[in-house]
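K.L.:
Can you keep this structure in mind? I'll have questions shortly.
The values are calculated or read from the model by the stated rules, or taken from the named source; none is laboratory data. Everything numeric here is computed off the predicted structure, so don't read it as measured data. Note: ideal-geometry Cβ built from the backbone for every residue, glycine included; neighbour counts use all protein chains shown.
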Amino acid sequence: MAAGKNVLGIDTATLALVLGVGDSNGLLASHFSMIGRRHLELSIGLIEEILQKSELGLSDLSAVSCGLGPGSLIGSRVGVVIAKTLAQVLRVPIIGISTLDIIALSGQKEGLRVVAIDALRDEIYWAAYKDGKKITEYKVSSAEAMVEELDGEKAVVKGTAIIKYGRFFNKFDNLVASNTLYPAPEALVSVAFEKLNKDEKSSLYDLEPIYLRSPV
């Protein structure tokens, strides 16, 4: 058995499958791929693959973390169910993390950054962060309402909403679209370790994806 703490991270809230396993020194192995809606089909095999790459077994895991969205309702539930199943079988803590928080800490995080994920229905899920710390609630609104709420303050926009609304954001002098669209495995594992060290564990039975409105 490997010494020290090892954490597995899973995020399936977007069209990407994001997996990472790491220890206190950082990321040991990871996987990132655009798989559409095939999270349930592919996740287990790819988790086994990154564990093999890191020379770890399931019994070496000290905790399991998962992205909670907001994002794809079905996708988010897949990651949560897999993480809860592993945590229960292995009898290790589970750590739920907002996917918006993970994206906020992916890539550059200095200054004011807004993370926005396409929520369909001509809306976005979003939150604002200052130097990586969340300064608003998680919200669902139109892109126009988000821009209005920023009230001209300069910000970098991150997240998948850029794919659909990038041209709209670029109309505003105070907004800059980032290249960071999806949660990074490094950020997923890093946030999980931070929460584990602070004993900020989630309830295995109460943990659910973040819902900001009724399902589509």
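K.L.:
What do you reckon, is residue 205 part of a loop (DSSP other than H, G, I, E, B) and either crowded, with 19+ Cβ neighbours inside 10 Å or in contact with an Asp or Glu (Cβ under 7 Å, 6 or more places away or on another chain) (or both)?
P.N.:
Against the criterion (part of a loop (DSSP other than H, G, I, E, B) and either crowded, with 19+ Cβ neighbours inside 10 Å or in contact with an Asp or Glu (Cβ under 7 Å, 6 or more places away or on another chain) (or both)), residue 205 does not qualify.
K.L.:
Working carefully through the options 98, 106, find the one that is closer than 26 Å to residue 197 by Cβ, touching a Ser or Thr at 6+ places or on another chain (Cβ under 6 Å) and of a type in the set (S, T, N, Q).
P.N.:
Exactly one of 98, 106 is closer than 26 Å to residue 197 by Cβ, touching a Ser or Thr at 6+ places or on another chain (Cβ under 6 Å) and of a type in the set (S, T, N, Q), namely 106.
K.L.:
Here are the criteria: (1) among the small types (Gly, Ala, Ser); (2) crowded, with 23+ Cβ neighbours inside 10 Å; (3) more than 15 Å from residue 211 (Cβ to Cβ). Tell me which single one residue 111 does not satisfy.
P.N.:
Here residue 111 meets the rest and fails (2).
K.L.:
Looking only at segment 148-158, decide whether some residue is surrounded by 15 or more Cβ atoms within 10 Å (Cβ to Cβ), under 30 Å from residue 63 (Cβ atoms), in contact with a helix residue (DSSP H, G or I) (Cβ under 8 Å, 6 or more places away or on another chain) and not assigned by TED's automatic domain parsing to the domain that holds residue 18.
P.N.:
Yes, there is a match, as at least one residue in segment 148-158 is surrounded by 15 or more Cβ atoms within 10 Å (Cβ to Cβ), under 30 Å from residue 63 (Cβ atoms), in contact with a helix residue (DSSP H, G or I) (Cβ under 8 Å, 6 or more places away or on another chain) and not assigned by TED's automatic domain parsing to the domain that holds residue 18.
K.L.:
Quick one: count up the residues across segment 176-202 that are among the hydrophobic types (A, V, I, L, M, F, W, C) and either more than 12 Å from the chain's Cα centre (by Cα) or surrounded by fewer than 19 Cβ atoms within 10 Å (Cβ to Cβ) (or both).
P.N.:
Adding up the residues that qualify gives 4.
K.L.:
Residues 130, 139: which one is crowded, with 18+ Cβ neighbours inside 10 Å and not assigned by TED's automatic domain parsing to the domain that holds residue 12?
P.N.:
Result: 139 is the single residue among 130, 139 that is crowded, with 18+ Cβ neighbours inside 10 Å and not assigned by TED's automatic domain parsing to the domain that holds residue 12.
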